[in-house]
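Take a look at the structure set out below.
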Ligand SMILES: Nc1ncnc2c1ncn2[C@@H]1O[C@H](COP(=O)(O)OP(=O)(O)O)[C@@H](O)[C@H]1O
Ligand SMILES: [Mg+2]
C-alpha cells in the first residue's frame, strides 16, 4: 500500500437538499493514477458526490480531503460551508470537471475557451497558456478547430474541447459527469477513446457514467450507488462479472450492455 494520501478522498459524506437526504454516508477514494467509476440508477446520487468532491455543493457531514488535506468547514449541518475560499479555489482548480452538456462559452473560440481559465483563474502567461491550449487540443484530436466557435462543432468535438479545457488547468484529477450521455452513439466513441487514452496515461479520474462498457474498460475500481449509499464496489471484473447484490444484478440486467 502506498503511503501517499489519495488525490481525492471522501469520508462518511452526508448531503441533503433541505429535508431530503440524498447522500447518506459514502466513502470513496481515488489514489494517484486511479480511475474510479460511479454507476447507479438516475437519482442515486452520483452527480451530487462529484459536485460535493470539488466543492461545487456543500455537504453537511463527513470529510473531503485533497491529497490528505482536509477541507476546513465553518458551521454545522445545513449551515456548514467551506471556511477558506482560497482553499476552495485551490482544490477546485485541481479537480477539473467535465460536464454532460460541455458548458463551453458560445461567444469564445475553441482556443479562447481552453485558455480562459488558466489565464484568468490561475494567472498564467497568455502566450504560455495559448501554447498549452494548442497542445491539449491537438491531443484530443481537434487541433485544427482552434479558431471556430463551439456551435460550429459536433457534440463529440465540443466534448473533446471541454476535455482539453479541463486538461489545460493541469489538474491533479479529472471529474467526469456523464461525459458521453448527450452524444449520439457514433460520437460517443470518439470521446470514449480520449478518456481511455487519459486512463492509459495514468491520470487520476472519477467518472460518473451510464456506459457500462466504458466503466469496465477504463476503471480500476467501480462503485455502485443505490439511494445515496454504496451498495457494492470492487474491481470491474468482479462488479460486472460476478455482481453479488441483487440490486446490482437487476441494475446491470436493465442497462444495455451496448
Ligand atoms: N439541486 C437540487 N435540489 C434538490 N434535489 C436535488 C438537486 N440535485 C439533485 N437532487 C436530488 O438528489 C438526488 C440525487 O441526484 P443526483 O446526484 O443528480 O443523481 P444521479 O446523478 O445519480 O442521477 C435525486 O433525488 C435528485 O432529485
Ligand atoms: Mg447525474
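A few notes on this one:
- For the range 26-99: rounded, prolate or oblate by the Cα gyration tensor [a/c cutoff 1.5]: oblate
- Centre separation in Å (Cα based) which lies between the range 27-95 and the range 104-174: 25
- Cα-based shape type of the range 118-258, given that a ≥ b ≥ c are square roots of the gyration tensor eigenvalues and the cut on a/c is 1.5: prolate
- Adding -39500 (n - 2.57) for every DSSP H run of four residues or longer, then dividing by how many residues the chain holds, sets the calculated 222 nm ellipticity at -11000 deg cm²/dmol.
- Neighbour counts of C-beta atoms inside 10 Å place 121, 222, 71 in the sequence 121, 71, 222, starting with the fewest.
- Per-q log10 I(q)/I(0), the range 16-56, q = 0.19, 0.20, 0.32 Å⁻¹ (Debye; single scatterer per alpha-carbon; no solvent): -0.64, -0.71, -1.34
- Its alpha carbons give the range 104-171 an Rg and a Dmax of 10.5, 30 Å.
- Convex hull of Cα atoms in the chain, direction-averaged projection (nm²): 14.2
- Cα-based shape type of the range 180-234, given that a ≥ b ≥ c are square roots of the gyration tensor eigenvalues and the cut on a/c is 1.5: oblate
- Least to most buried among 146, 168, 52 (fewest other Cβ within 10 Å first): 146, 52, 168
- By the beta-carbon count within 10 Å of each Cβ, the least crowded to most crowded order of 219, 245, fewest first, is 245, 219.
Any read-out appearing in this document is the output of simple, stated calculations on the displayed coordinates, not a laboratory observation. Quick caveat, the model's predicted, so the values are computed rather than measured. Heads up, the Cβs are rebuilt from the backbone with ideal geometry, glycines too, and the neighbour counts pull from every protein chain shown.
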